[in-house]
Amino acid sequence: MGLKMNLKLKKKKKKKKKKKKKIIRRHSVLNQQCKCLRMNQSKPFHTYMPERIIKWTIFKWLWHYDEAATEMRTNMYFQNSIALVSTLVKSPSFQKNLHIGMAEFVDNSRELWQSQAWGSSIKYSSGEFAYYLNGESIFPSDFVVYQCNTESCPCNTDLEHNDHMGRVQFVGQDKRLNAVVPNAIALQIQPVYQFSPTFYGGKLSKLNPAHSLNEVLAHENPGAIILADKVVSQVEVHLDYEFGIEN
């Protein structure tokens, strides 16, 4: 036999005072709204919701099995999503759990702001940036000349002949256990190499068409994490997305 359900809203009384839908009010709800993970299952869910955002009405529904019918009554709750979000954001206890700021370098990521997606986008920096020496902001995907972390490398003593080039993949605060400067702004750099006849064992010399002197090669290695003040300058690079595509 099929299952049939008929919903009937309870008729409103003629009195004008009863026309408005009832509003469930809960006191001290701002202290409760952030405890959803610790809710008592025996307590109704709507009692945890912020004040003035839950409206309810009564509906009657019939559950038919064969010829026998059982009438049941229960409450329907309607959530005002705009009021809910507004109330949560205004709550001090809720604000304490919000992350505001740039991404974070950590040893084991668990939060969204510790993910590659967060650190590789300027949309989630909350207005906090790394900067070049001239004061301009460093954005993810910028090509830069930088100093490496090896103190004995010539790049740390002779900036004019620095050949370390890379692409910024991640910008964030360094909160790793082995951070050089804890909480300092750091960058993850994808290494980019300029062509030379001996590069990669000379195998790239056989490319067709031949590699141009002004072309650079991006390595898929995750690269190094350096401090933002290790960036020397930005490099203008044109990305040819149509290379090898026949007209």
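The values are calculated or read from the model by the stated rules, or taken from the named source; none is laboratory data. Quick caveat, the model's predicted, so the values are computed rather than measured. So basically every Cβ, Gly included, is an ideal-geometry build from the backbone, and we count neighbours across all protein chains shown.
Being over 22 Å from Trp113 (Cβ atoms) and modelled with pLDDT of 85 or more: is that true of Pro191 here? Talk me through it step by step, then tell me what you get.
Working: over 22 Å from Trp113 (Cβ atoms): yes; modelled with pLDDT of 85 or more: yes.
Spelling it out, Pro191 is indeed over 22 Å from Trp113 (Cβ atoms) and modelled with pLDDT of 85 or more.
Taking the criterion of being over 34 Å from the mean Cα position of the chain (by Cα), over 17 Å from Met102 (Cα atoms) and part of a loop (DSSP other than H, G, I, E, B), would at least one residue in segment 185-196 satisfy it? Give the steps one after another, and end with the answer.
Start the filter on segment 185-196 by keeping residues that are over 34 Å from the mean Cα position of the chain (by Cα), which leaves 195-196.
Next, from what is left, pick out any that are over 17 Å from Met102 (Cα atoms): 195-196.
In the following step, the residues that additionally are part of a loop (DSSP other than H, G, I, E, B) were identified as 195-196.
Yes; the residues of segment 185-196 include at least one that is over 34 Å from the mean Cα position of the chain (by Cα), over 17 Å from Met102 (Cα atoms) and part of a loop (DSSP other than H, G, I, E, B).
State yes or no: is Glu151 farther than 14 Å from Val231 by Cα, acidic (Asp, Glu) and buried (at least 17 other Cβ atoms within 10 Å of the Cβ)? Walk me through it before giving the result.
Numbers: farther than 14 Å from Val231 by Cα: yes; acidic (Asp, Glu): yes; buried (at least 17 other Cβ atoms within 10 Å of the Cβ): no.
Against the criterion (farther than 14 Å from Val231 by Cα, acidic (Asp, Glu) and buried (at least 17 other Cβ atoms within 10 Å of the Cβ)), Glu151 does not qualify.
So the check is Cβ under 9 Å with 6+ separation or different chains; which pairs have a first residue in segment 204-217 that's in contact (Cβ under 8 Å) with a residue 40 or more places away in the chain and a second one that's aromatic (Phe, Trp, Tyr)?
Qualifying pairs under 9 Å: Val216/Phe143; Val216/Tyr193; Val216/Phe195.
If Pro154 satisfies all but one of (1) modelled with pLDDT under 90; (2) under 11 Å from the mean Cα position of the chain (by Cα); (3) not small (Gly, Ala, Ser), what's the number of the condition it fails?
(2) is the only condition that Pro154 fails.
Would you mention how many residues in segment 197-221 are modelled with pLDDT under 80, outside any loop (DSSP other than H, G, I, E, B) and either aliphatic (A, V, I, L, M) or touching a helix residue (DSSP H, G or I) at 6+ places or on another chain (Cβ under 7 Å) (or both)?
The number of residues fulfilling the criteria is 1.
Is it fair to say Arg176 is in a loop (DSSP other than H, G, I, E, B) and either exposed (fewer than 15 other Cβ atoms within 10 Å of the Cβ) or within 26 Å of the chain's Cα centre (by Cα) (or both)? Give the derivation first.
Numbers: in a loop (DSSP other than H, G, I, E, B): yes; either exposed (fewer than 15 other Cβ atoms within 10 Å of the Cβ) or within 26 Å of the chain's Cα centre (by Cα) (or both): yes.
The answer is yes for Arg176.
Given the criteria in a helix (DSSP H, G or I), of a type in the set (S, T, N, Q) and at pLDDT below 85, does Thr47 qualify? Spell out how you get there, then give the answer.
Working: in a helix (DSSP H, G or I): yes; of a type in the set (S, T, N, Q): yes; at pLDDT below 85: yes.
So Thr47 fits the description; yes.
Can you pull out every residue in segment 179-203 that is exposed (fewer than 15 other Cβ atoms within 10 Å of the Cβ), in contact with a strand residue (DSSP E or B) (Cβ under 9 Å, 6 or more places away or on another chain) and of a type in the set (S, T, N, Q)?
Across segment 179-203, the qualifying residues are Asn183, Gln194.
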